[in-house]
Amino acid sequence: MAGRILKVSTLASVVFASSGLILYNKQLDLNDLSLIRFGRAAATTAAITYDYLTAFKHVEHGTMEYWELKSKVHRRSAERLRDLCCANRGTFIKVGQHLGALDYLLPEEYTSTLKVLHSSAPQSSMEEIQQVIREDLGMELSELFVSFEEKPQGAASLAQVHKAVLHDGRTVAVKVQHPKVKKQSAKDIVVMEALLNMVHLIFPDFAFMWLVEEAKKNMPLELDFLNEGRNAEKVASMLSHFPFLKVPMIHWDLSTKRILTMEFAEGGQVNDREYMKKHGINVNQISENLGKMYSEMIFVHGFVHCDPHPGNVLVRKCQKSKKTEIVLLDHGLYQVLQPDFRLDYCRLWQSLIRSDMSGVERYSRRLGAGDLFPLFACILTARSWNAVNAGISSVPVTNAEDVEIRTNAALYLPQISDLLNRVPRQMLLLLKTNDLLRGIETTLKTRASSSSFLNMSRCCIRAMARHKRNKARSRRKRLQITLTESLSLCKLSLYEFFLWIKGSVLVNWITTLMFILQ
């Protein structure tokens, strides 16, 4: 028996030593091992689960002490999640960024903590970047570029961007995928799915499986840079009537599934108020133009850029025309809305803007919200139910209302989870897009301005008219629909002019003067 144990021990030692030697010779990063990544994720999940199970045992529900403790547990858990995402990188950071963008859907402790992941993405070494370029383009850097900056302009969860100069003198941005991301992403999603299922067994109210489903569907698309290039060209053509929009041109001869070479575009991030002030850029104009772009994408075309976080939306003054431009980057993830879904979504927003509560209920139900339609309306607009009833286009946003919404987000987390599992998958990316845009508006202090609702109304009117024209069988009917559309748009323009007159400095001055004279 002792001899058998000695043999087994010797064999195990040899295997262990050999494995160690192989790992040393290959200089393998332990973070590349699935076992390490899974162990780290499992340990974090266990720690968060244990914290929520035990923290509230000796505290009475609903007391001030309970809410203070709950906030602390949320914060601790969010920090653990953030650290896990930073350690495992890749897909974990991508999902963490998604969570960080879900303002009004998750407690503030989570969103504020996870938002830092947009600036905490990993960087690949120059040797790894050169290897990807060599493998995909079959040439060395010096053969392709006159210069290639080693320090990346920006690093994201899936790739990083370098500034380079072509032999013909043109400056380009070269987006290169992190070499290990594609291989790790499928395994990471399996790990997330398994761990979230375990959490769901312990906490039946927790139902965020939609996150994994979305990652499973969207990750292959985001990892194909040729798909990103096609999306960029499509949206540039689709929105070519907006002179303020700039989409960098793609260099197809220097692009592959892992490399995307495009025209280099400079500018400040869309949430950088100091940059805009320094360059004489009007924040209200930027906010209005951003709303026009996205309303057109969502309601008219049903082809929606789903990652408008500040790093992907730049603003600048055009050197030639001196006009303000919005530069739209990162076209890897677009949502194609089904026609029926798009039209119901269109009708829902029309009902919300008009304070038509029967319409809000009808179209919310058609979009899968069921009896949770009041919650759905609040999530969609980021307004309280009282504001939705009174009219979101006429009731201004207040700080007290924002606090109320955040408090309710924590109280109604089970219902929110249930709702997000009910609605069509298309809705999830739209909610993420809404939240990112709302975050930009909040930073620019232009949130819920009347112009954003007017632009949405215009696009809804045009979308509905186009749908009716396509279904009309006679020329007379089509003409009637066009005239009705023109009349509705004209009324909207007159109302916009009235609001401008009402808010103009001259009118305010005259009103004040008349008051003094009286």
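The values are calculated or read from the model by the stated rules, or taken from the named source; none is laboratory data. From a predicted model like this one, the values you see are computed outputs, not experimental measurements. Glycine gets a Cβ as well: all are built from the backbone with ideal geometry, and neighbour counts include every protein chain shown. The area values use the complete protein model at the heavy-atom level, side chains included, leaving out ligands, DNA and RNA. Shrake-Rupley method; radii C 1.70, N 1.55, O 1.52, S 1.80 Å.
Which listed residue (Leu437, Gln285, Trp210) has the Cα farthest towards the positive end of the charge dipole for the chain, taking +1 on Lys and Arg C-beta and -1 on Asp and Glu C-beta about the Cα centre?
The Cα lying farthest towards the positive end belongs to Gln285.
Given +1 on the Cβ of Lys and Arg, -1 on the Cβ of Asp and Glu, and no further charges, what dipole in debye does the chain carry about its Cα centre, rounded to the nearest 20?
Numbers: 67 positive and 52 negative charges, 351 e Å.
With Lys and Arg at +1 and Asp and Glu at -1, about 1680 debye.
Grab the beta carbon distance between His241 and Ser125, set R0 = 60 Å, and tell me the FRET efficiency rounded to 0.05. Can you show the working numbers first?
On the way: r = 43 Å, r/R0 = 0.72.
It comes to 0.85.
Regarding segment 221-269, what is the average projected area of its C-alpha convex hull, in nm²?
Values: hull surface 16.0 nm².
For segment 221-269, the mean projected area of the Cα convex hull comes to 4.0 nm².
Filter the trypsin sites (Lys or Arg not before Pro) in segment 48-94 to those in DSSP coil with at most 13 other Cβ atoms within 10 Å of their Cβ, and list the result. Spell out each step's value before the answer.
Details: sites: Lys57, Lys70, Lys72, Arg75, Arg76, Arg80, Arg82, Arg89, Lys94; in loops: Lys57, Arg89.
Those satisfying the criteria are Lys57.
What FRET efficiency, computed as 1/(1 + (r/R0)^6) with R0 = 30 Å and r the Cβ-Cβ distance, is obtained for Glu135 and Arg75, rounded to the nearest 0.05? Before the final figure, lay out the partial values.
Values: r = 43 Å, r/R0 = 1.44.
E(calc), rounded to 0.05, equals 0.10.
Filter the trypsin sites (Lys or Arg not before Pro) in segment 304-381 to those in DSSP coil with at most 11 other Cβ atoms within 10 Å of their Cβ, and list the result.
Values: sites: Arg316, Lys317, Lys320, Lys322, Lys323, Arg342, Arg347, Arg354, Arg362, Arg365, Arg366; in loops: Lys320, Lys322, Lys323.
Passing both the DSSP loop test and the Cβ count: Lys320, Lys322, Lys323.
Taking the 0 to 90 degree range and rounding to the nearest ten, how far is the long axis of helix 357-366 tilted relative to the main principal axis of the chain, both from C-alpha atoms?
30
Starting from the Cα of Glu143, move 7 Å in the Cα-to-Cβ direction to define the label point; list residues of segment 152-191 whose amide nitrogen is under 20 Å from there.
Within reach of a label on Glu143: 164-169, 174-177.
Taking all pairs of different Cα atoms in segment 324-480, averaging 1/r and flipping that mean, what Kirkwood radius in angstroms comes out? Intermediate values should be presented prior to the final figure.
Working: mean 1/r = 0.0585 Å⁻¹.
After inverting the mean inverse Cα-Cα distance, the result is 17.1 Å.
How about segment 49-129: which GluC sites (Glu not before Pro) there lie in a loop by DSSP and see at most 10 other Cβ atoms within 10 Å?
Filter output for segment 49-129: Glu60.
Taking R0 as 22 Å, what FRET efficiency do you get between Ala390 and Ser358 from their Cβ-Cβ distance, rounded to the nearest 0.05? Before the final figure, lay out the partial values.
Details: r = 16 Å, r/R0 = 0.72.
Rounded to the nearest 0.05, the efficiency is 0.90.
Considering all alpha-carbon pairs of segment 295-417, what whole percent are spaced by more than 26 angstrom? Show your work: numbers first, answer last.
Working: 2799 of 7503 pairs.
That tail contains 37 percent of the Cα-Cα pairs.
So for the chain, taking the charge dipole from beta-carbon charges (+1 Lys/Arg, -1 Asp/Glu), which of Leu223, Leu348, Ile326 sits furthest toward the positive end?
Leu348
How large is the charge dipole for segment 65-219, taken about the Cα centre, if only the Cβ atoms of Lys, Arg (+1) and Asp, Glu (-1) carry charge, to the nearest 20 debye? Present the calculation step by step, with values, prior to reporting the outcome.
Numbers: 20 positive and 21 negative charges, 29 e Å.
The calculation lands at about 140 debye.
Just from its helices, what would the mean residue ellipticity at 222 nm be for the chain, if runs of 4 or more DSSP H residues each count -39500 (n - 2.57) and the sum is divided by every residue, rounded to the nearest 500 deg cm²/dmol? It would help to have the intermediate numbers written out before the result.
On the way: 22 runs with 321 residues, N = 518.
Counting only the DSSP helices, I get -20000 deg cm²/dmol.
Taking 0.36 nm per intervening residue step and subtracting the Cα-Cα distance, what contour gain separates Arg466 from Lys180 on full extension? Provide the component values of the computation, followed by the final result.
On the way: separation 286, 0.36 × 286 = 102.96 nm, distance 4.58 nm.
Full-extension gain reported as 98.4 nm.
Keeping all protein chains in the complex and leaving out DNA, RNA and ligands, what accessible area do you get for Tyr52 with a 1.4 Å probe, in Å² to the nearest 10?
50
Compute the helix-to-body angle for 126-137: its Cα long axis versus the longest principal axis of the chain, expressed 0 to 90° and rounded to tens.
Orientation of helix 126-137: about 80 degrees from the principal axis.
Helix 475-503 versus the longest principal axis of the chain: what angle, 0 to 90°, nearest 10, using Cα atoms?
90
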